[in-house]
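Just so it is clear, none of the values below were taken in a lab; they were calculated from the coordinates. Everything quoted here is computed from the prediction, not taken from an experiment. Please note: Cβ atoms are built from the backbone with ideal geometry, for glycine as well, and neighbour counts cover all protein chains shown.
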Amino acid sequence: MSTAKKTTTAGKKVSTNEGFTDEERGAMKERAKELKSARRGIKVDPESEVLAKIAEMAEPDRGIAERVHAVIKASAPSLTPKLWYGMPAYARDGKVVCFFQSAAKFKARYPTLGFSDEANLDEGAMWPTSYALTELTAAGEKKIAALMKRAVS
């Protein structure tokens with residue numbers, strides 16, 4: 001079976017057979033590794049893993065991720081840091097509530113703070129589930145803190 005690749009108009013390499021980008025396949029491999037470690041009962045400090053993943057990021061994503069981590073820890077201390085598809089994430093009872101995705105993860109223009117359906121952010125019939133973070137100002141940190149308090153309420 002051929003694993004030929006083509007380049008999309010966005011410049012991403014996509015396998016013509018599988019439909020996943022190299023970045024998506026990489027994220028799936030990281031998730032499989034996370035699940036395998038959990039199944040084998042390998043004890044790790046999840047916060048140390050998150051901090052190590054953040055340390056691997058290039059600037060400015062690393063600085064933004066460090067601040068997001070600090071804001072989440074302060075405003076939603078009930079959440080547990082963990083890796084999720086190789087990204088820093090924060091969970092309640094093992095279920096991811098939010099996650100930080102660096103721009104490099106999927107070759108995006110900017111990093112994002114995303115929320116899962118576990119977050120209590122419902123507002124009418126439509127609400128944002130992801131926020132672009134081009135820089136993190138004091139006002140941005142305040143908004144994230146408020147979102148996190150609402151998400152875990």
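Shown for the stretch 45-151: lysine pairs separated by 8 or more places, or found on different chains, whose C-alpha atoms are under 19 Å apart, numbering 13. A full extension of the chain between Ala32 and Trp127 corresponds to an added length of 31.2 nm, given 0.36 nm per residue minus the alpha carbon distance. Where in the stretch 37-80 is the amide nitrogen less than 18 Å from a point lying 7 Å along the Cα-to-Cβ axis of Lys142? Residues 68, 71-72, 74-76 fall inside that zone. Within the shell of other residues whose beta carbon sits under 14 angstrom from the beta carbon of Ala70, the net charge comes to +1, with Lys and Arg scored +1 and Asp and Glu -1. Label zone (Tyr110, point 7 Å along Cα-to-C-beta; backbone nitrogen cut-off 12 Å) within the stretch 62-79: none. Shown here for the stretch 43-72: trypsin sites (Lys or Arg not before Pro) in loop regions (DSSP other than H, G, I, E, B) with at most 10 other Cβ atoms within 10 Å, namely Lys43.
Model label points for Arg92 and Lys43, set 7 angstrom from Cα along the Cα-to-Cβ axis, are 2.8 nm apart. Seen from a random direction on average, the alpha-carbon convex hull of the chain projects onto 11.1 square nanometres. Within the chain, what's the longest run with no GluC sites (Glu not before Pro) in a DSSP loop and at most 13 other beta-carbon atoms within 10 Å? Give the range, please. Result, exposed sites excluded: 19-122.
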